[in-house]
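**Q** Quick one: the structure is below, and I'll ask about it shortly.
The values are calculated or read from the model by the stated rules, or taken from the named source; none is laboratory data. Note that the coordinates shown come from a computational prediction; the quantities given were computed from them, not determined experimentally. Virtual Cβ from ideal backbone geometry, glycine too; neighbours counted across all protein chains shown.
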């Protein structure tokens, strides 16, 4: 049985480690005799601890996640495997360079990474000497990169394999012949190159960050040539006592640095005099307590976090959201760090009302099962925690960056129908301007002999969201004024709409000239071309704008910092509110949903009373759906939610059969044959290459309430669950074939099915009338 890339990586790791250990102990290539006592136990212990936590928090490996992804930015380009592998290798190695450099130059990250540099000797075991928190953060960043760009499993696996071997080799306590080493280090990181990085001399430590290739250090000016440098001592001077060599000491070194300030400053950023606020104890304490509050809040809202990230992975218009958090960290943790750290944090309870409001929003959204409301509440919680952690002055100064977090919420579906209609208009306007014969029926457009159906994927939502996000991000890097940042984001979104117009018009024009419609793969090629056009235009515009200094107009002095444990622990107390409130709500919800008397099972009554009926689904863990035929061209579909949910699966209303039907239009239909009039959602369906039409009419009900509004249904159904009223609830729809202008009387049928007393097939056929009963809105 052939070995997979992960098994080969493990075997390669073992083989390389054993080979280097032998060379380090017994070969003439050995640089020096590195001590073993305590060091190896500590380094190997950190390796196993890090591996344990990674396996616990990330059940799937990076390669497995890459293999399970349906697509992505890189994979969708459909390059040859060799080209994709080469590009991915360069991208990941460049990413590792900048990640390593960030761990040196960002104060909070340096506190974690210094454990790697506290080793007073360097050998193959040093390669795995990383604090578990650093391993977790690095793995999380790698997952974000894979989710954002979508690499193939082969490309990711090959890089991980080579990077693993390179890490062991570059930390090896060996010296190659100078002629060989000189040739290798022109391209690759050799032990002599990386040995400089572990020097105790700061300028040498702040160089040679590369993982596999030296090209990045040479390109970005951080390369130190081994032939001109002699390293006399390695490791940090702050950790040279015998007690610092133990595993327990290595685990607490980052926190000792917070506690007493005894650890070295981040080596890439020497201490600066800015009012004593940079790297101050106040900031470290505020960040630590804010992090505790964040952990408590996320633990309570973890299902919402998972729902949001699943949507990022599964929906192309929202894959950009994987970049929001890294951009947020970059803007505040690096780009504007001097201005931020010059302002002393003032923890307090200013964000508590916002967290309470977010809790109410989350509870209401949870009752009515609106994911968008829950996700907005999550971001409001993050805003409230930030306000409790840093205080109003700092929060207000960096409000544009804080609002970036709202772009994590997948809210573009609200605009999708509008963008879809606009796409239809683009094609119509282009056809008018070009003099092409055309006609429009809902989302179906005929241009000459060609027929186009504008589905949701054609709306250009991906262009809109990605370009809007990039516009906002460029605005944060350029401006400190929120209106200017929003203006650049709006410009990016407008460019996204414009390039989608270019895309659909180019497709129609090419089809007209060729006399036939191109396939979807060609559509994707045009999509990437116009997307690059939009990004290039946005980048050009941003490069022409004047940069503003964030430090101007931002006060760095103030009154005395707040004192007292109650004030300092405000972020922790604020974060603990969510588990408390949501725990009480879960108890109440459980009591409300406890089995009670309840009402009759209407669907079961219908199923028992109508011989012709059949179950579309009767899964106890999901929606139940029942179909009842009412003639050769019509059937009724009843859908009921599962006991613990309000959600209804409207997909049961799609036309029956194996044909791929597409939604052509959605409107409202009013039936006034009964008092009061009833409203129905009216959807028209068609399929590619056929004039066939199907239509569905449906409405929701909770007890005696009947409505065509999904929101009204969820509100009523949520109250029904919380109050334990036991009312019957669900959806009743009618699927018809033929002319959409001749539906039968639906109101009376709806009432009879809701009451569990449907007409027989013979009764319905005898009472059917071909006249129009309702009015189309």
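**Q** State all residues of the stretch 373-382 that are touching a residue at least 40 places away in the same chain (Cβ under 8 Å) and either surrounded by fewer than 21 Cβ atoms within 10 Å (Cβ to Cβ) or more than 14 Å from the chain's Cα centre (by Cα) (or both); if no residue qualifies, say none.
**A** Once the filter is applied, which keeps residues that are touching a residue at least 40 places away in the same chain (Cβ under 8 Å) and either surrounded by fewer than 21 Cβ atoms within 10 Å (Cβ to Cβ) or more than 14 Å from the chain's Cα centre (by Cα) (or both), the stretch 373-382 yields 374, 377, 381, 382.
**Q** Here is a list of conditions, (1) crowded, with 18+ Cβ neighbours inside 10 Å; (2) assigned to a helix (DSSP H, G or I), and residue 410 meets all of them except one; can you say which number that is?
**A** Residue 410 satisfies every listed condition except (2).
**Q** Name the single residue, out of those in the stretch 654-697 being part of a strand (DSSP E or B), in contact (Cβ under 8 Å) with a residue 60 or more places away in the chain and over 34 Å from the mean Cα position of the chain (by Cα), that is surrounded by the fewest Cβ atoms within 10 Å (Cβ to Cβ).
**A** 668
**Q** Further, regarding this structure: From (1) under 33 Å from the mean Cα position of the chain (by Cα); (2) outside any helix (DSSP H, G or I); (3) in contact (Cβ under 8 Å) with a residue 24 or more places away in the chain, pick out the condition that doesn't hold for residue 208.
**A** The failed condition is (3).
**Q** Considering only the stretch 125-141, state which residues are more than 27 Å from the chain's Cα centre (by Cα) and assigned to a helix (DSSP H, G or I).
**A** 125, 126, 127, 128
**Q** While we're here: Go through 740, 770 for me and flag whichever is farther than 22 Å from residue 675 by Cβ, at pLDDT below 55 and crowded, with 16+ Cβ neighbours inside 10 Å.
**A** That would be 740, the only listed residue that is farther than 22 Å from residue 675 by Cβ, at pLDDT below 55 and crowded, with 16+ Cβ neighbours inside 10 Å.
**Q** Mind checking whether some residue in the stretch 708-727 is over 30 Å from residue 367 (Cα atoms) and either part of a strand (DSSP E or B) or modelled with pLDDT of 85 or more (or both)?
**A** Among the residues of the stretch 708-727, not one is over 30 Å from residue 367 (Cα atoms) and either part of a strand (DSSP E or B) or modelled with pLDDT of 85 or more (or both), which makes the answer no.
**Q** List every residue pair whose Cβ atoms sit under 8 Å apart, with the two residues 6 or more apart in sequence or on different chains, where the first one lies in the stretch 227-246 and is on the phi > 0 side of the Ramachandran plot and the second, anywhere, is buried (at least 18 other Cβ atoms within 10 Å of the Cβ) and part of a helix (DSSP H, G or I).
**A** 235/117
**Q** Now a separate question. Taking the stretch 212-249 on its own, how many of its residues are under 23 Å from residue 40 (Cβ atoms) and in a loop (DSSP other than H, G, I, E, B)?
**A** Residues that pass the stated criteria total 10.
The rows are residues; the columns are (1) more than 30 Å from residue 543 (Cβ to Cβ); (2) surrounded by 20 or more Cβ atoms within 10 Å (Cβ to Cβ); (3) in contact (Cβ under 8 Å) with a residue 40 or more places away in the chain.
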position	(1), (2), (3)
425	yes, no, no
429	yes, no, no
437	yes, no, no
445	yes, yes, no
452	yes, yes, yes
463	no, yes, yes
474	no, yes, yes
478	no, no, yes
483	no, no, no
